[in-house]
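Q: Below is one structure. I have some questions about it.
The values are calculated or read from the model by the stated rules, or taken from the named source; none is laboratory data. Model, not experiment: these values are computed from the prediction. Positions of Cβ are generated from backbone atoms using ideal geometry, with glycine treated the same way; all protein chains shown enter the neighbour counts.
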Amino acid sequence: MNELTIRDMGTLLRAGGSHIPAPYERKIPLLETCLAGTTEVVASGYAGAAIRLGFEKESGRVAVSAGGEKIGYLPRQDSGVIEKLLLAGKGLSGEIIETQKIGSWRRVRVCVELEDI
């Protein structure tokens, strides 16, 4: 008979499409940074908005989206470990901490977290 470990149970709970939080699940803050490439962003979201991260093979950068719209990239100097975690299929999430318009540039500060199950 196969035995399931706690990690296996967390994976099974996520696999069904609906997420049931396990009592041992937690988010580990990995990074707080300002995004790059935000000059042309029209609507960059708001503080507290959830972000999604994805690796763009064409640009070789970690893109950040909010509300289905790309809002910028993680700076190259901050994205090394995040890129490796994304490519390994790890669950990463985050949120916008603050936004501020400075001339033609929009400062968007985000927090990236690892979903530990």
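Q: In this structure, does Ser93 turn out to be more than 18 Å from Glu32 (Cβ to Cβ), polar (S, T, N, Q) and either more than 11 Å from the chain's Cα centre (by Cα) or surrounded by 12 or more Cβ atoms within 10 Å (Cβ to Cβ) (or both)?
A: In short, no.
Q: Moving on to the next point. Within the bounds of segment 91-114, is there any residue that is among the aliphatic types (A, V, I, L, M), at negative phi and part of a loop (DSSP other than H, G, I, E, B)?
A: no
Q: Taking segment 94-110 as the search range and keeping residues that are among the polar types (S, T, N, Q) and in contact with a Ser or Thr (Cβ under 7 Å, 6 or more places away or on another chain), which one is modelled with the highest pLDDT?
A: Across segment 94-110, the extreme among qualifying residues is Thr99.
Q: Out of the residues in segment 96-114 meeting the condition of being in contact with a strand residue (DSSP E or B) (Cβ under 8 Å, 6 or more places away or on another chain) and of a type in the set (Val, Ile, Thr), tell me which one is farthest from Thr38 (Cα to Cα).
A: Ranking the qualifying residues of segment 96-114, first place goes to Val112.
Q: So, one more: With the structure loaded, tell me whether Leu4 is surrounded by 13 or more Cβ atoms within 10 Å (Cβ to Cβ), at pLDDT below 95 and outside any strand (DSSP E or B) or whether it fails that test. Full working, then the answer.
A: Details: surrounded by 13 or more Cβ atoms within 10 Å (Cβ to Cβ): no; at pLDDT below 95: yes; outside any strand (DSSP E or B): yes.
The answer is no for Leu4.
Q: Does Gln77 satisfy the criteria of being surrounded by fewer than 16 Cβ atoms within 10 Å (Cβ to Cβ) and closer than 20 Å to Tyr46 by Cβ?
A: So Gln77 fails the test.
Q: Let me ask something additional. Quickly run through segment 54-93 and pick out the residues that are touching a Ser or Thr at 6+ places or on another chain (Cβ under 6 Å) and charged (D, E, K, R).
A: Asp78
Q: Next up: Working only within segment 71-117, note down all residues that are within 17 Å of Gly48 (Cα to Cα), hydroxyl-bearing (Ser, Thr, Tyr) and free of Cβ contacts under 8 Å to residues at least 60 places away in the same chain.
A: Passing the criteria: only Thr99.
Q: Quickly run through segment 61-74 and pick out the residues that are in a loop (DSSP other than H, G, I, E, B) and surrounded by 15 or more Cβ atoms within 10 Å (Cβ to Cβ).
A: Result: Leu74, single match.
Q: Residue check: is Glu58 loosely packed, with under 15 Cβ neighbours inside 10 Å and either part of a strand (DSSP E or B) or touching a helix residue (DSSP H, G or I) at 6+ places or on another chain (Cβ under 7 Å) (or both)?
A: It is false that Glu58 is loosely packed, with under 15 Cβ neighbours inside 10 Å and either part of a strand (DSSP E or B) or touching a helix residue (DSSP H, G or I) at 6+ places or on another chain (Cβ under 7 Å) (or both).
Q: Restricted to segment 32-50, and to residues that are assigned to a strand (DSSP E or B) and either in contact with an Asp or Glu (Cβ under 6 Å, 6 or more places away or on another chain) or among the hydroxyl-bearing types (Ser, Thr, Tyr) (or both), which residue is modelled with the lowest pLDDT? If you could, list the steps in order and put the result at the bottom.
A: Our first condition is that a residue be assigned to a strand (DSSP E or B); within segment 32-50, this holds for 32-34, 36, 50.
Still in the list and also either in contact with an Asp or Glu (Cβ under 6 Å, 6 or more places away or on another chain) or among the hydroxyl-bearing types (Ser, Thr, Tyr) (or both): 33, 50.
Working: Thr33: 96, Ala50: 92.
It comes out as Ala50.
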